[in-house]
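*Asks:* I am attaching a structure below and will ask some questions about it afterwards.
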Amino acid sequence: MTVDADDCVSEKLAKFVQQHPDSNGWFINKGYKYQEGNDYIYIKRSNFYKMCGTCNIIRYDLNDLPETAEYNRGYGYYKYYIDHAKVRDILKNKGKSIKSLPFPGAVYILATGENLFNNSKRLRFSIFNRKLLNQSLRDEFGLYKLQQSKEIYQLSEL
């Protein structure tokens with residue numbers, strides 16, 4: 001699974017994957033959108049994998065990795081990860097289908113400066129998908145205030 005700087009994953013993932021060792025993998029169909037500092041989080045009930053790159057959990061041998069590492073954005077094996085919305089269909093066409101993860105698996109954090117596109121303007125929020133960000137969700141996804149964590153890190157260096 002690739003995870004980038006503007007996403008957090010559920011603490012349930014590792015245990016779930018461990019319990020299904022023979023699976024080809026999963027795509028995250030349902031997840032959350034969150035903007036740092038907001039008191040609310042928004043559920044994306046379907047197609048989360050189309051908007052967020054942290055969305056595919058694939059058995060290692062099904063990854064299309066080269067023998068020697070290359071980094072050529074948009075070309076070679078890296079394109080497989082840029083086109084994250086297509087991975088599900090690519091694997092299905094190879095006879096190696098992945099399933100929908102049965103719970104919300106990730107949070108896409110908007111307006112961090114790490115987003116590939118200006119997603120805070122592109123993604124709409126519906127009040128019907130809004131819920132109060134409670135401690136349980138904070139704990140499950142490791143959502144804590146970035147400024148606070150930066151201050152704690154600086155204090156620990158003293």
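*Asks:* Of all residues in the range 1-27, count the ones that are at pLDDT 95 or above, in a loop (DSSP other than H, G, I, E, B) and either on the phi > 0 side of the Ramachandran plot or open to solvent by less than 50 Å² (accessible area, probe 1.4 Å) (or both).
*Replies:* 3
*Asks:* While we're here: If you take the residues in the range 116-130 that are open to solvent by 30 Å² or more (accessible area, probe 1.4 Å) and part of a loop (DSSP other than H, G, I, E, B), which one is modelled with the lowest pLDDT?
*Replies:* Asn118
*Asks:* Could you tell me which residue of the range 28-38 is most open to solvent (accessible area, probe 1.4 Å), considering only residues that are at pLDDT 90 or above and of a type outside the set (Lys, Arg)?
*Replies:* Applying the filter and picking the extreme gives Asn29.
*Asks:* Give the residues of the range 39-48 that are open to solvent by less than 70 Å² (accessible area, probe 1.4 Å) and among the basic types (Lys, Arg), sorted by residue number.
*Replies:* Of everything in the range 39-48, just one residue is open to solvent by less than 70 Å² (accessible area, probe 1.4 Å) and among the basic types (Lys, Arg), namely Lys44.
For every residue, the table says whether it meets (1) touching a residue at least 24 places away in the same chain (Cβ under 8 Å); (2) farther than 19 Å from Asp83 by Cα.
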{"residue": "Met1", "(1), (2)": "yes, no"}
{"residue": "Asp4", "(1), (2)": "yes, no"}
{"residue": "Lys12", "(1), (2)": "yes, yes"}
{"residue": "Phe16", "(1), (2)": "yes, yes"}
{"residue": "His20", "(1), (2)": "no, yes"}
{"residue": "Trp26", "(1), (2)": "yes, no"}
{"residue": "Ser46", "(1), (2)": "no, no"}
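*Asks:* Would you check if Leu137 is modelled with pLDDT of 65 or more and part of a helix (DSSP H, G or I)?
*Replies:* Criteria met by Leu137.
*Asks:* Now, a different point. Restricting attention to the range 55-96, and to residues there that are of a type in the set (Ser, Thr, Tyr) and open to solvent by less than 60 Å² (accessible area, probe 1.4 Å), which single residue is modelled with the lowest pLDDT?
*Replies:* Of everything passing the filter in the range 55-96, Tyr77 is modelled with the lowest pLDDT.
The values are calculated or read from the model by the stated rules, or taken from the named source; none is laboratory data. Nothing here was measured: the structure is a model prediction, and the numbers come from that model. Cβ coordinates were reconstructed from backbone atoms using ideal geometry, including for glycine residues, and neighbour counts include every protein chain displayed. Only protein heavy atoms, including side chains, enter the accessible area calculation; ligands, DNA and RNA are left aside. Shrake-Rupley method; radii C 1.70, N 1.55, O 1.52, S 1.80 Å.
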